[in-house]
Amino acid sequence: MAGTDVGFVVIYRWTIREDKVEDFQEAWEKVTAAIKAERGGLGSRLHQDEDGDWVAYAQWPDRAAWEDSCELGPVDEAASSVMTEAIEKSHHPILLTPVLDRLA
């Protein structure tokens, strides 16, 4: 993939408790910033789908960096706890290896 450092992507999907959406968003921002600063993540985008579920697309330089981060546990214990409390249902992550990249 010329011109990019992205070698691995994880897609997460959650159903968030209606009264905890704002808490979840704030905690997600903290966790994402900490992962980028401390664990080598390349960043993430948070989306809401048409059914109301929340979807995050997280980029990593490679699968090993993601696995290493997972093994270390939560990067921000307090924010991770807020996210966990807000999640009504968590779906299995989708693991992707980019083949072609045309994002700017």
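The values are calculated or read from the model by the stated rules, or taken from the named source; none is laboratory data. On a predicted model such as this, the values are computed, not experimentally measured, just so you know. Positions of Cβ are generated from backbone atoms using ideal geometry, with glycine treated the same way; all protein chains shown enter the neighbour counts.
Filtered by the rule that a residue be of a type in the set (S, T, N, Q) and outside any helix (DSSP H, G or I), region 1-33 gives 4, 15. Against the conditions (1) within 17 Å of residue 80 (Cα to Cα); (2) in contact (Cβ under 8 Å) with a residue 24 or more places away in the chain; (3) of a type outside the set (D, E, K, R), where does residue 43 fall short? Just the number, please. Of the numbered conditions (1) within 17 Å of residue 80 (Cα to Cα); (2) in contact (Cβ under 8 Å) with a residue 24 or more places away in the chain; (3) of a type outside the set (D, E, K, R), the odd one out for residue 43 is (2).
Per the listing 82, 99, the residue uniquely at pLDDT below 95, among the aliphatic types (A, V, I, L, M) and either surrounded by 11 or more Cβ atoms within 10 Å (Cβ to Cβ) or over 15 Å from residue 25 (Cβ atoms) (or both) is 99.
Every residue, every condition in (1) surrounded by fewer than 12 Cβ atoms within 10 Å (Cβ to Cβ); (2) farther than 21 Å from residue 91 by Cα, yes or no:
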position: 32; (1), (2): no, no
position: 42; (1), (2): no, yes
position: 46; (1), (2): no, no
position: 49; (1), (2): yes, no
position: 57; (1), (2): no, no
position: 61; (1), (2): no, yes
position: 64; (1), (2): no, yes
position: 71; (1), (2): yes, no
position: 78; (1), (2): yes, yes
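Filtering region 34-43 for residues that are modelled with pLDDT of 95 or more and in a strand (DSSP E or B) leaves a non-empty set. Residues that are in contact (Cβ under 8 Å) with a residue 40 or more places away in the chain, surrounded by 12 or more Cβ atoms within 10 Å (Cβ to Cβ), among the aromatic types (Phe, Trp, Tyr) and touching a helix residue (DSSP H, G or I) at 6+ places or on another chain (Cβ under 7 Å): does region 16-28 have at least one? Yes, there is a match, as at least one residue in region 16-28 is in contact (Cβ under 8 Å) with a residue 40 or more places away in the chain, surrounded by 12 or more Cβ atoms within 10 Å (Cβ to Cβ), among the aromatic types (Phe, Trp, Tyr) and touching a helix residue (DSSP H, G or I) at 6+ places or on another chain (Cβ under 7 Å).
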